[in-house]
Every structure is written in C-alpha cells, then in structure tokens.
Amino acid sequence: MARAYSVTEIETKWQKHWAESGLYEVDNDDPRPKFYALCMYPYPSGSAHQGHVRNYTFGDLVTRFQTMKGHAVLSPFGFDSFGLPAENAAIKTGMHPRVFTDARIEELRASVRQLGAVYDWRREVRSHDPRYMRWTQTIFLKLFEAGLVYRKQAPVNWCPGCSTVLANEQVLTDGTCDRSGDLVEKRDLEQWFFKITDYADELLEGLDGLEWPERVKTMQRNWIGRSEGAEMDLVVDGRPDLAITVFTTRPDTSFGMTYAVLAPEHPMVEVVTTPAQRASVDELRAKVAGETDIERTSSEGGSLEKRGAFTGAHVINPFTNAPVPLYIADYVLMGYGTGAIMAVPAEDERDFAFATAHGLPIVRTTEPRDGLPEDHVGAYSGDGLKVNSGFLDGLEVVEAKRQAIEWLGTEGKGQGTVNYRLRDWLVSRQRFWGCPIPVIHCESCGVVPVPAADLPVLAPDDVEFTPSGKSPLASHEGFVNVACPTCQQPARRETDTMDTFVDSSWYFLRFCDPFDDEAPFSPEAAARWMPVDQYIGGIEHAILHLLYARFFTKAIIDVGLAPGVGREPFTRLFTQGMIRMDGSKMSKSKGNLVAPTKYYETVGADGLRLFHLFVGPPADDFDWTEQTDQVIDGCGRFLDRLWRLATADHQCRPGEASTTEDAEVRRATHRTIKKVSEDMERWSYNTAVAQLMELVNLLTRYVKTEGGASQDVLDEAIDALLLLLAPMAPHMPAELYERRHGAHVHEQLWPTFDAALVTAETET
RNA sequence: GCCCGGAUGGCGGAAUCGGCAGACGCGGGGGCCUCAAAAGCCCCUGUCCGUGAGGGCGUGCGGGUUCGAGUCCCGCUCCGGGCACCA
C-alpha cells in the first residue's frame with residue numbers, strides 16, 4: 001500500500017535516536033518514583049516472531065506510558081540463553097552451542113530494536129554469560145549450605161528424546177515431555193532437588209495478595225494441592241511390631257473403614273503378603289510396573305477385580321479394634337500421602353467401586369440431615385451427622401474430624417497433618433548447555449562445594465557433540481578429574497547441569513544491579529526496584545516459571561542474600577493471549593509463522609504494533625486469518641489519516657473556539673484523553689485505539705466545516721492525539737511532534753483533561 | 001468427574017456500576033475525483049415487513065427479578081482452558 005509518509009526513513013531515524021539519547025536508561029539513584037516493567041526474558045530462537053511482537057508491544061507501551069506519567073521506569077532486556085535447542089543444533093551441525101546461541105541473540109536483539117521497543121540495554125543479562133553463571137552457582141551453593149538443596153535416589157521422569165531427567169512440572173498430563181513430546185519413562189536415579197515443598201504454604205498463601213489473573217492463581221493452587229487431614233497407624237493383625245501409616249482427609253469416617261490398601265510399590269507389601277496370596281500379588285505388581293502413568297491412571301485400566309489383590313494380611317482399625325483385610329491396588333499411588341489408605345466405601349467413590357467389585361462390606365458413617373434419597377446409589381461424601389461411629393455419633397462432619405484427630409493424638413495412634421501434591425523440584429539435567437552444578441564428589445569428604453574463588457565452573461570448549469545420548473561433560477576427563485578442595489585427593493566433578501528454569505528464577509533480581517561483581521546483586525538495588533510492578537508474558541508459564549521464581553525469591557531472601565526485598569517478586573502479572581493459525585498455536589515448531597519483517601516495509605513497526613493492540617482484548621487469543629492483512633492495512637490507513645491531518649494546509653480561522661463545532665471538538669478531545677488514559681490503566685488497548693480513531697474521524701470532518709476550523713482547537717486535538725499515541729505506535733508521533741514543537745513527544749508528560757469538558761450534555 | 005473462562009451483525013470486537021445493543025475496524029454496496037486505474041474523500045451496511053414514512057424481531061436456549069437485563073438470579077446447551085484414581 002502507498003503510504004502518506006516515508007515509514008522506513010522515520011522509523012530508522014527514531015530508533016537511532018532512542019538508542020543514542022539514553023532516555024530509557026535509568027540509574028539506581030534516579031529520584032523519580034520507580035516502576036519496574038518486565039517482559040519474561042526470551043529464549044533466543046532467532047528473529048522475533050508475532051508472539052514476540054505482541055509481547056514487546058505491550059511491554060514497550062507500559063514502559064513509555066509510565067515514563068510519561070513521571071516514573072523512573074526500569075525496563076531491562078535479557079536472554080534465557082541456556083537450553084536444549086542450541087545443544088541439539090550442536091549435535092546436528094557440530095557448531096558449538098555458544099556460537100549458535102550468540103548468533104540467535106544477535107538476531108533477536110536486532111529485531112526487537114526494529115520494533116521500536118526501548119530498553120536499558122546496559123543492563124542486558126544472558127544466562128550463559130560467565131558473569132551471570134558465577135552468581136547462579138553462588139546462589140545454588142548458598143541454598144545447598146542452608147539445606148534447601150539435596151541429593152537423593154528417586155524414581156524420576158526420564159525423557160528418552162531429550163536424554164535427561166525432567167521436573168514433574170515438565171511432564172504433561174498425558175505423560176509426555178513438554179518439549180520433545182516423547183513418552184516419559186520412570187527411572188531410578190540419584191538426582192539433585194530443591195526443597196520447594198518447604199515453601200508450599202507460603203507459595204499458596206502469597207497468591208491471595210497478588211494482582212494476577214485468577215486462572216493463573218487457581219492453576220498454582222491446584223498444582224500445590226494442599227489438603228488437610230490425618231495420618232494414623234494401622235497395626236498389622238498378629239504383628240504388633242508392624243504398622244502401616246495411612247493418610248486420610250476424612251478421619252471422621254474411620255469407623256466405616258472396612259479394608260485398607262497399599263500402593264503396589266509400597267515396601268510393606270513384601271513383608272506382609274502371605275505365601276498363599278504371593279502369586280496374585282506378584283502378578284498385579286508386575287502388571288503395574290510395566291505400565292506408564294497414563295496406562296495406569298486411565299479409567300479403562302481393566303476391571304476392578306483385576307486392579308487389586310488381597311495380601312492375605314489384616315490390619316486393625318484403631319477406632320474399632322476390628323481387623324480388616326489389607327489389599328494392594330493400582331488406584332493407590334506411592335507418590336502421594338503415605339502410599340497407603342484406609343478404605344471407607346460408603347463415603348468414597350473409588351473405595352465404593354472397589355468394595356463392590358471385591359464383595360467387601362460397606363458401612364455408612366454419615367447421614368445427611370434429611371436422609372439419603374430412596375434411589376441413592378454409591379458413596380456419599382457430603383455433610384451430615386455421624387452414625388455407626390461410636391463416640392462421634394451425632395456430630396457434624398467438621399466437628400467429628402476435629403474430635404477424631406484429637407482422639408488419635410491422645411491415643412498415640414496418629415495426628416493431624418497436611419499433604420501437598422507439590423513435589424520437590426528436580427533440578428539436575430544430564431545435558432551440556434546449562435549451568436554446571438558447582439560441586440565435587442570426593443571419596444573421603446563426600447559432596448564438596450566448589451570454593452567461591454573458583455566460581456564460575458565453566459564447561460570446557462573442547463568437547464565433541466555426538467548423538468550418543470550422553471552429556472559431553474561426563475566423558476571429558478579434563479573437566480571431570482579434579483583435586484578435592486578439602487583434602488586435595490583425586491576427586492570427580494559433578495557433570496550434571498541445572499534446569500534452565502533455575503537461570504530464569506532470579507534474572508529479574510540481577511537486572512536491578514547487573515554490573516555487581518561482588519554479589520549476585522546489592523540488596524539495596526534490589527530493594528529499590530523490586531517487586532516487578534508489571535510482569536508480562538505467556539500463559540504457558542502459569543505454573544513452571546512463575547512458581548519457581550516465587551520460590552527462589554523467598555529462598556534467596558532466607559539465605560541472607562536479599563535483606564529488605566519483598567517476598568513476592570511480581571505484583572501484577574499480565575498474561576497475553578496466544579496467536580493461533582488454522583486452529584493451532586502459531587509457533588516455529590508448527591511451521592506456521594508469519595514473519596513481522598514484511599510489515600515493517602508497508603505499515604511499519606507502528607502499524608504492526610497498532611494492529612496487535614487493536615485486534616482484540618490483549619488477554620484473549622486471536623486467530624491469524626485471511627482477513628488479518630486487511631486489518632493491518634487498516635491500521636496503516638489510520639496512521640496515514642493522522643499524518644495528513646497534522647501536515648496538510650487546512651483553511652483555519654486563527655484563534656480560539658467560538659462556534660458550536662469548535663466546542664464539540666474540544667469536548668471530544670478531552671473525552672478522548674480521559675477515555676484513553678483509563679483504558680491504558682485497565683489494559684483495554686483495543687478500545688483506546690478505537691477512541692483515537694473516532695477523534696481522527698471527527699477532525700477529518702471538522703477541518704472541512706464551512707468557515708474553517710479554529711487553529712487552536714485543531715492544534716490542541718492533534719497534540720493530544722500524538723501524545724496519546726506515543727506509547728502505542730511511537731515513531732510517527734515522535735516525528736510529527738518534533739516538526740510541530742521541536743521537542744520529543746516521549747519526554748512530555750502524559751496529557752490531562754479538563755473535567756468541565758468531559759461531562760456529556762445530558763438528555764432526557 | 002471437578003474447577004475456571006466464554007457464546008453479541010458476513011468477520012474481529014464495543015457496551016467500565018442494571019440505563020440509546022452493535023463504538024472502532026475489516027469485508028460488502030453506492031457515489032465523488034480520474035481519460036482510466038490506484039490512492040483519497042463522502043454516504044449506506046443487524047434482521048424481517050413496507051415504494052415510503054414507519055413498524056416487528058434481535059446479544060446460545062428456557063424461566064425469573066426489575067420501570068428497564070447483553071449485563072443480575074435459577075435451570076440447561078455448546079465451545080475453549082486447567083486439574084484429575086491426590087485418599
């Protein structure tokens with residue numbers, strides 16, 4: 001499309017100006033009130049795609065808007081530059097991951113500049129920079145010394161495609177890897193963990209005070225999965241020395257326990273199974289061992305009879321002293337609670353189904369006040385009064401729970417307890433392109449931290465990237481063999497690297513003080529800028545990154561590295577919608593990217609940015625369709641109309657407003673300032689753009705009025721338009737404002753409106 | 001199964017606190033300008049009846065509250081997302 005002005009010339013000119021003027025570089029002693037605006041730092045995958053454009057358009061808008069509102073805005077940029085794609089490229093092409101990554105960073109940085117987005121580039125942080133790695137490793141060791149990092153042998157998620165273990169959070173619901181899509185296997189391996197479970201309660205409670213999308217908070221709550229209940233010991237009948245601990249959220253139903261169940265992997269299975277039942281128990285255990293989690297948890301997992309087996313043993317119900325049979329069943333999971341349950345078929349759906357299939361008794365312990373309906377079948381898990389429950393009879397469920405727990409404590413048979421779905425964070429990865437875990441294994445001294453003076457531990461460059469499925473680090477003798485820092489005897493270096501989510505769990509703190517070479521950051525600098533006032537990113541990080549970063553911030557404070565810093569890092573979170581094309585997410589892997597580049601030549605970065613703001617609510621997904629190019633052209637047309645309006649030689653009357661039309665235009669101008677200001681605060685950019693379009697439409701008619709427009713009224717309106725548009729589509733307003741006033745639009749204060757002019761004329 | 005969202009013209013969407021439904025844009029139709037086209041400018045564009053003035057209907061479906069409901073309440077349908085043998 002033909003444009004009213006020279007897009008490329010103007011955009012290049014202003015991008016150069018912003019880079020050179022230092023307007024968006026802020027120092028830590030800046031006297032203005034602070035505002036920390038942050039987009040989630042990207043994995044450098046090459047030139048920016050539409051998802052980036054959308055993200056950085058929002059972020060840049062916030063930065064420029066808050067600057068015009070008089071804030072010192074910290075707006076940094078960096079790169080989450082460790083990760084698997086670079087290593088896979090190395091295996092494929094032989095190119096070192098650093099060379100590959102640095103080139104991708106260069107591309108992304110350039111294309112972000114082309115968008116007209118402004119940052120304090122002096123503060124750039126890259127995960128793989130030794131100056132950053134040093135502090136990632138320092139923090140790791142601080143957490144290690146504080147007991148928040150530990151090593152243990154555990155059944156872990158192994159992704160064959162990535163040749164490494166994964167955190168629970170990286171395994172999708174269907175049991176596949178969130179990166180490669182491969183089916184994840186269980187392997188028993190010695191691995192490194194962060195004790196995120198120590199923070200489960202704080203991570204849960206902290207959510208209440210955050211201005212985050214409700215669904216993100218809900219997802220985190222579900223993921224943490226807190227449930228209150230009780231643990232109690234069930235003594236094995238005839239073996240007073242043996243007891244099985246079970247967890248229940250319904251201790252009030254204990255009198256209705258008619259059997260108990262162990263997870264097939266439970267260590268007690270071996271001990272209690274009678275010779276007569278050995279065969280059927282082993283058969284079920286073998287079946288379960290051969291199944292993936294999906295097969296096991298699928299509801300079509302076979303008939304219920306086949307999914308459980310009697311162990312031959314009985315356990316004593318502590319409330320009734322009666323023995324009940326002990327089963328194993330695949331519906332009880334070793335990974336949750338104690339791996340064993342008391343079964344109350346009358347008040348639990350799964351227990352009911354299992355009891356029915358195995359002919360086990362069902363004893364009701366809760367009656368709703370109005371009784372159960374005649375046709376009621378199955379379990380009843382609602383409120384009511386206790387029956388068949390000894391000393392609990394007649395009590396409400398809540399009170400019965402309390403008294404049952406109290407009784408367990410008095411009798412020494414159990415206690416109230418809380419269980420979480422959240423597991424500790426598995427952070428070790430058997431990969432090369434990540435931050436090395438800075439410890440040394442010594443036969444006599446055990447696990448020895450690398451001394452601070454020797455940090456950072458860097459991976460050697462002379463390694464071979466072969467598709468062997470093994471980390472190049474493990475086979476590099478020069479890297480592995482090292483003297484123990486404590487006893488000087490030959491020792492071996494740890495060859496695992498950290499999950500890249502560790503890097504992204506503290507980068508926002510480093511941005512506050514990125515030049516510090518004495519510490520990860522100075523606590524004063526972090527306290528000055530933190531928390532992030534507006535965090536912007538994709539919904540895909542709702543659990544992983546956002547949960548880890550919250551945990552890390554708290555842990556860093558608790559090990560003494562960040563006194564005075566708030567415990568919640570992100571006050572306000574905005575999650576932008578996805579861009580879809582043909583029904584699936586627009587992404588490099590789907591191969592359905594629409595490169596932004598071609599639009600820079602037609603409608604410019606301004607036009608493309610305006611499109612992303614205008615297309616719909618920022619939080620909603622949108623579909624890239626055949627119509628999209630026409631809408632983008634429409635945004636370019638709007639910019640043209642404004643350009644012509646501001647530059648054409650209109651036949652104007654000099655001086656102030658005098659006609660009805662003048663008054664109407666003045667009112668419209670001030671209403672627009674009010675509306676756009678409000679819309680900016682509430683993330684309603686699509687309506688803000690619409691409001692600007694309305695004013696341009698009105699002015700287009702106004703300059704054609706009989707007798708001419710008032711020069712003052714027109715100037716006021718056009719200046720307002722340029723100021724309001726400046727955070728959204730920054731180049732063109734910068735150019736016009738300079739031509740009109742010889743000043744920089746982004747250095748002006750955000751316009752205010754005259755309250756007397758915005759009250760609509762009342763009609764009945 | 002449980003928990004969140006959502007459903008408005010041909011399309012994307014607007015209506016912020018219960019007060020003119022459809023702002024703004026795209027698409028479509030007509031006109032001006034032009035030798036012609038592009039660009040630009042102007043007008044129309046929910047739907048049905050009517051030549052017209054005008055009128056009927058209309059925010060997924062069925063009820064309700066209210067002077068007044070896209071918006072609030074009750075009961076559904078469909079779509080999207082999250083969680084899911086979690087004891």
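Would you check which residues across segment A:354-373 are open to solvent by 60 Å² or more (accessible area, probe 1.4 Å) and among the basic types (Lys, Arg) and list them? Selection gives A:ARG369 alone. Residues that are modelled with pLDDT under 90, within 15 Å of RNA strand B (Cβ to nearest atom) and surrounded by 15 or more Cβ atoms within 10 Å (Cβ to Cβ) within segment A:586-608 comprise A:MET586, A:SER587, listed in sequence order. Residue count for segment A:343-378 satisfying the condition of being of a type outside the set (Lys, Arg) and part of a helix (DSSP H, G or I): 12.
A residue that is outside any loop (DSSP other than H, G, I, E, B), open to solvent by less than 10 Å² (accessible area, probe 1.4 Å) and of a type in the set (Val, Ile, Thr) cannot be found anywhere in segment A:697-712. Within segment A:1-40, the set of residues being within 30 Å of A:TRP506 (Cβ to Cβ) and polar (S, T, N, Q) comprises just one member, A:ASN28. Segment A:477-553 holds helices (runs of 4 or more DSSP H) entirely within its bounds, and those carrying 3 or more residues that are modelled with pLDDT of 95 or more and open to solvent by 30 Å² or more (accessible area, probe 1.4 Å) map to A:523-529. Just one of the numbered conditions (1) within 16 Å of A:LEU613 (Cα to Cα); (2) out of contact with any helix residue (DSSP H, G or I) (no Cβ under 6 Å at 6 or more places or on another chain); (3) open to solvent by less than 10 Å² (accessible area, probe 1.4 Å) is not true of A:SER684: (3). Scanning segment A:8-32 for residues that are part of a loop (DSSP other than H, G, I, E, B), touching an Asp or Glu at 6+ places or on another chain (Cβ under 8 Å) and surrounded by fewer than 19 Cβ atoms within 10 Å (Cβ to Cβ) yields A:LEU23, A:GLU25, A:ASN28.
Conditions (1) surrounded by fewer than 21 Cβ atoms within 10 Å (Cβ to Cβ); (2) assigned to a loop (DSSP other than H, G, I, E, B); (3) at pLDDT 95 or above, marked per residue:
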site	(1), (2), (3)
A:THR410	yes, no, yes
A:ARG423	yes, yes, no
A:TRP433	no, yes, no
A:LEU458	yes, yes, yes
A:GLU464	yes, yes, no
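When you look at A:ALA260, is it at pLDDT 95 or above and open to solvent by less than 10 Å² (accessible area, probe 1.4 Å), yes or no? Yes: the conditions hold for A:ALA260.
Go through segment A:624-659 and report how many residues are of a type outside the set (D, E, K, R), over 20 Å from A:ALA734 (Cα atoms) and more than 9 Å from RNA strand B (Cβ to nearest atom).
Total satisfying the criteria: 9.
Looking across A:MET732, A:MET728, one residue alone is open to solvent by less than 10 Å² (accessible area, probe 1.4 Å), assigned to a loop (DSSP other than H, G, I, E, B) and at pLDDT 90 or above. It is A:MET728. Please find, within segment A:329-353, the residue that is most open to solvent (accessible area, probe 1.4 Å) out of those that are of a type in the set (A, V, I, L, M) and near RNA strand B (Cβ under 6 Å from one of its atoms). Out of the qualifying residues, it is A:LEU333.
Inspection of segment A:184-200 identifies at least one residue that is open to solvent by 50 Å² or more (accessible area, probe 1.4 Å) and under 19 Å from the mean Cα position of the chain (by Cα).
Please go through segment A:554-567 and pick out each residue that is surrounded by fewer than 19 Cβ atoms within 10 Å (Cβ to Cβ) and either under 28 Å from A:GLU681 (Cα atoms) or in contact with a His (Cβ under 7 Å, 6 or more places away or on another chain) (or both). Within segment A:554-567, A:GLY566, A:ARG567 meet the criteria. Residues in segment A:388-406 that are surrounded by fewer than 17 Cβ atoms within 10 Å (Cβ to Cβ) and touching a Gly at 6+ places or on another chain (Cβ under 9 Å): A:ASN388, A:GLU396, A:ARG402, A:GLU406.
Taken over segment A:661-700, residues that are of a type in the set (Gly, Ala, Ser) and within 11 Å of RNA strand B (Cβ to nearest atom) amount to 4.
Among the conditions (1) open to solvent by 30 Å² or more (accessible area, probe 1.4 Å); (2) hydrophobic (A, V, I, L, M, F, W, C); (3) under 23 Å from A:THR752 (Cα atoms), A:PHE35 misses just one, which is (1). For A:PRO368, the criteria (1) at pLDDT 90 or above; (2) in contact with an Asp or Glu (Cβ under 9 Å, 6 or more places away or on another chain); (3) more than 16 Å from RNA strand B (Cβ to nearest atom) hold in every case but one, which is (1). Cβ-Cβ contacts under 6 Å between residues 6 or more apart (or on different chains), taken from a first residue in segment A:9-20 that is in contact (Cβ under 8 Å) with a residue 12 or more places away in the chain to a second residue that is of a type in the set (Val, Ile, Thr) and outside any helix (DSSP H, G or I), are listed as A:TRP18/A:VAL118.
Being touching a residue at least 24 places away in the same chain (Cβ under 8 Å), open to solvent by less than 60 Å² (accessible area, probe 1.4 Å), touching a strand residue (DSSP E or B) at 6+ places or on another chain (Cβ under 9 Å) and not in a loop (DSSP other than H, G, I, E, B) holds for only one residue in A:PHE574, A:PHE611, A:PHE638, and it is A:PHE574.
Restricted to helices (runs of 4 or more DSSP H) entirely inside segment A:158-275, those with at least 2 residues that are within 15 Å of RNA strand B (Cβ to nearest atom) and without any contact (Cβ under 8 Å) to a residue 24 or more places away in the chain are A:214-224. For segment A:69-76, the condition holds for at least one residue, the condition being that it is under 28 Å from A:VAL615 (Cα atoms), open to solvent by 10 Å² or more (accessible area, probe 1.4 Å) and in contact with a Phe, Trp or Tyr (Cβ under 7 Å, 6 or more places away or on another chain). A:ASP621 passes every criterion in (1) within 26 Å of the chain's Cα centre (by Cα); (2) surrounded by 15 or more Cβ atoms within 10 Å (Cβ to Cβ); (3) within 9 Å of RNA strand B (Cβ to nearest atom) apart from (2). The listed residues are A:THR274, A:THR248, and the only one of them that is within 36 Å of the chain's Cα centre (by Cα) and of a type in the set (S, T, N, Q) turns out to be A:THR248.
The values are calculated or read from the model by the stated rules, or taken from the named source; none is laboratory data. The shown structure was predicted, so the numbers you read here are calculated from the model rather than taken from an experiment. Here the Cβ is made from the backbone with ideal geometry for all residues, glycine too, and neighbour counts use every protein chain on show. Keep in mind that these areas ignore ligands, DNA and RNA; they rest on the heavy atoms of the full protein, side chains included. Shrake-Rupley method; radii C 1.70, N 1.55, O 1.52, S 1.80 Å.
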